[in-house]
Amino acid sequence: MQQRIHRQQEGSLIYYTSDNITTKHLFTTKFGGVSKGYLASLNLGFNRGDERSNVLQNYQILADHFRVPRARMTMTKQIHSDIVRVVDENTMGMGLGQPMSWKADAIITNLPHVPLCGYYADCVVTLLHDPVSKSIGVCHSGWRGTASGILGKTVQRMQEQYGAKPENIEAAIGPSIRQCCFETDADVPDAMTETMGESVTPFIQPRGKKFFLDLQGINREQLERCGVRNIVDSGMCTKCMHDTFWSHRATHGNRGVQAGVIMLEG
Ligand SMILES: [Zn+2]
């Protein structure tokens, strides 16, 4: 199969891009920042035990890459919810250019030159772009967000807010923990089945008393159900690739955090 996710390097910054997304975007790795120790080096989390000045410098590196002032980079406090929020002139720069005053797991915008950030260290971050309505979104879904259908709700919100058509949307499912490593107890598949019904059964592999979940498959299914067809799945497992990515499970929580970032070029 043709490779559709590409490893890129710009100076010490190492990141991945997806060739179906036709606006500027990336998935960061551990590499290219100034943080030290177990946070070395491109930690993007303010609450991981890092010095704030290091994290700000890491955002500056990304802002330089996107060629925007750092204060335009926009984020949300992720809470494993199904909340989608709209980034407009008033909320642009939330979390960096202005104090964080919202919680959500997906943000969308039609503003150019406003990079949207979604965070992962095993969770699924999906980047969305509709080149026709000129709108973008970033969605964070761990198993709780996946069970609550947040990715489908993000696509619906892009339709309502910006008139995005699913058939025009480009979607890239980022590096995240995959079925090879995502071992759970029964509570996780039970929650999935309760909210999504039998459609999730093919994505749950029982093994003894444990279960192995294909979160990416379930998220792809949510996109397809909305009518999104142009989907690339990175195929990369953060736990298997723990030399490149921080994996929450591989590090037992002593880790930095990566971001999927997307921006309209206007
Ligand atoms: Zn794995």
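The values are calculated or read from the model by the stated rules, or taken from the named source; none is laboratory data. Everything numeric here is computed off the predicted structure, so don't read it as measured data. Cβ atoms come from the backbone with ideal geometry, glycine included; neighbour counts cover every protein chain shown. Ligands, DNA and RNA are stripped out before the accessible areas are found, and what is left, the full protein with its side chains, is counted by its heavy atoms. Shrake-Rupley method; radii C 1.70, N 1.55, O 1.52, S 1.80 Å.
Under 5 Å from the amide H of D233 lie the amide H atoms of I173, each residue being 5 or more positions distant or on a separate chain, with H modelled from the backbone and absent for Pro and chain starts.
Taking a label point 7 Å from the Cα of S81 along the Cα→Cβ vector, which residues of segment 146-175 have an amide N closer than 19 Å to it? Taking a point 7 Å out along Cα→Cβ of S81, the residues of segment 146-175 whose backbone N falls under 19 Å are 146-158, 161. Among the listed pairs K24/K165; K134/K239; K103/K209, those whose Cα-Cα separation exceeds 29 Å are K134/K239; K103/K209. Derived scalar couplings between HN and Hα for segment 151-158 equal 5, x, 5, 5, 4, 4, 5, 5 Hz in order, rounded to whole Hz, by the Karplus curve 6.51 cos²θ - 1.76 cosθ + 1.60 (θ = phi - 60°), x for Gly and Pro. Fully extending the segment from N90 to C240, taken as 0.36 nm per residue of separation minus the present Cα-Cα distance, adds 50.0 nm. Antiparallel beta bridges, as assigned by DSSP with both residues in segment 3-147, represent about 75 percent of the total such bridges.
Taking a ≥ b ≥ c as the square roots of the eigenvalues of the Cα gyration tensor, an a/c ratio of 1.5 or more together with a/b no larger than b/c marks segment 169-230 as oblate.
Within the accessible area of segment 99-216, the carbon and sulfur atoms contribute 51%, probe 1.4 Å, all protein chains present.
Stretched out straight at 0.36 nm per residue, the stretch from D187 to N254 would grow longer than its current Cα-Cα span by 21.6 nm. Oblate is the label for segment 116-260, because the ratio a/c of its alpha-carbon gyration tensor axes (a ≥ b ≥ c) is 1.5 or higher and a/b is not greater than b/c. Gaussian network model of the chain, Cα springs within a sub-10 Å range: biggest mean-square fluctuation belongs to which of C240, C117, C180? Between C240, C117, C180, it is C180 that shows the largest mean-square fluctuation.
Which value in deg cm²/dmol, rounded to the nearest 500, describes the helix-derived mean residue ellipticity at 222 nm for the chain, given -39,500 (n - 2.57) per DSSP H run of n ≥ 4 and division by the residue count?
-6500 deg cm²/dmol
What whole-number value in cubic angstrom gives the convex hull volume per residue for the C-alpha atoms of the chain?
122
Restricting attention to the chain, close to 75% of DSSP beta bridges with both partner residues there are antiparallel.
Each residue of segment 201-214 is assigned a 3J(HN,Hα), and the resulting list reads 3, x, 9, 10, 10, x, 8, x, 8, 9, 9, 10, 9, 9 Hz, derived from the Karplus form 6.51 cos²θ - 1.76 cosθ + 1.60 (θ = phi - 60°), x at Gly and Pro. Taking V132, V55, V188 as the candidate residues, the one with maximal mean-square fluctuation in a Gaussian network model of the chain, Cα springs under 10 Å, is V132.
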